[in-house]
Amino acid sequence: MQNSIISEGNTTNEAIENGLKKLGVSKKDVEIKVLEEEKKSFFDILAPRIVKVELTLKGNKPENRKEIIIDKAEVDKAIENTKKFLDEFIKNFSGIEYEIEEKDNSIFIKITGENASELIGYRGEAIESLQVIVASIINKETTQRIRVIIDILDYKEKRKKTLEDLARRIEKTVIKSGRPYKLEPMNAYERKIIHTALQESKYVTTNSVGEEPHRRIIIRKK
C-alpha cells in the first residue's frame, strides 16, 4: 500500500476527497499538503482551477481501512474471459505468447514473443489501449471491478527506470540553473512516475500543465 499519493480536483476539498477514496481512509488518517493551484488554460481566466494535494498516511495502516476482497469466482471469470479475448487477439500476430497472473485482486498480463514489440506502440500507447479494452471486456461480466495491468516485453518496467533517471537528471539541472524545466508531453501513467520520483525532493517541485494529450510536467526549484 502506498504511504503517500498526489491527488487532483477542481477545488481543494475535491482533491482531498479524491485522494481519500484512492487510499480508502478518512481525513483524520492523513496529513494534507496543498502542492499547487493552477488554471487549466493559460488563455482562459475563467477556466476552473486544478488543485493538487499530497496525502500522506499517519503512522501505520489505519485500523478502520477497508480491505477490498474480490470473490474468487469473479476473478476466475475475469481470467477466463481474458484468455478468450487474448487467444483470439494473438491469432492476428505470429510469434506472440502471454501469461496471466492474479495477485492482490488484479490481473497481470505479460506478453512476449519475437513480434510482441509491434503491440507496444509509440511510448506504450498501444499497451494502454489494449489494457483499457481488456479491462472493459472483463468488467462487463463481473459485479466487482477488477484491475488489469498489461506489460509487453517488460516495456513498462524499462520505461519507468528511464523516466526515473530522467527526473533525477533534470532535478540536478534545475538545482544548478535555478530555472524551471518543461518536459515534453506525457500520458498520465508517465507523468505519475515523474511526480513520484521527485515528490520527496528537498530541492524541486513538480506540477502538470496543459490539456490532454499535450499535458506536460514542469519541474521548478523550491
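The values are calculated or read from the model by the stated rules, or taken from the named source; none is laboratory data. Keep in mind that this is a model prediction, so the values were computed, not measured. Please note: Cβ atoms are built from the backbone with ideal geometry, for glycine as well, and neighbour counts cover all protein chains shown.
Here is how the numbers come out for the structure above:
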{"item": "Residue among Ile127, Ile138, Ile170 that alone is in a helix (DSSP H, G or I), in contact with a Leu (Cβ under 8 Å, 6 or more places away or on another chain), on the phi < 0 side of the Ramachandran plot and assigned by TED's automatic domain parsing to the domain that holds Ile90", "result": "Ile127"}
{"item": "Every residue from the range 174-207 that is basic (Lys, Arg) and not in a loop (DSSP other than H, G, I, E, B)", "result": "Lys176, Lys182, Arg191, Lys192"}
{"item": "Qualifying residue in the range 47-60 (condition: under 24 Å from the mean Cα position of the chain (by Cα), in the same structural domain as Lys140 (by TED's automatic domain parsing), outside any strand (DSSP E or B) and at pLDDT 60 or above)", "result": "no"}
{"item": "Matching option when the condition is assigned by TED's automatic domain parsing to the domain that holds Lys160, of a type in the set (A, V, I, L, M, F, W, C) and under 22 Å from Lys156 (Cα atoms), among Ile193, Ile175, Ile219", "result": "Ile193"}
{"item": "From Asp87, Asp165, Asp104, residue being exposed (fewer than 13 other Cβ atoms within 10 Å of the Cβ), over 30 Å from Glu184 (Cα atoms) and under 22 Å from the mean Cα position of the chain (by Cα)", "result": "Asp104"}
{"item": "Candidate set from the range 141-166 (those that are assigned to a helix (DSSP H, G or I) and free of Cβ contacts under 8 Å to residues at least 12 places away in the same chain); member that is farthest from Glu101 (Cα to Cα)", "result": "Asp165"}
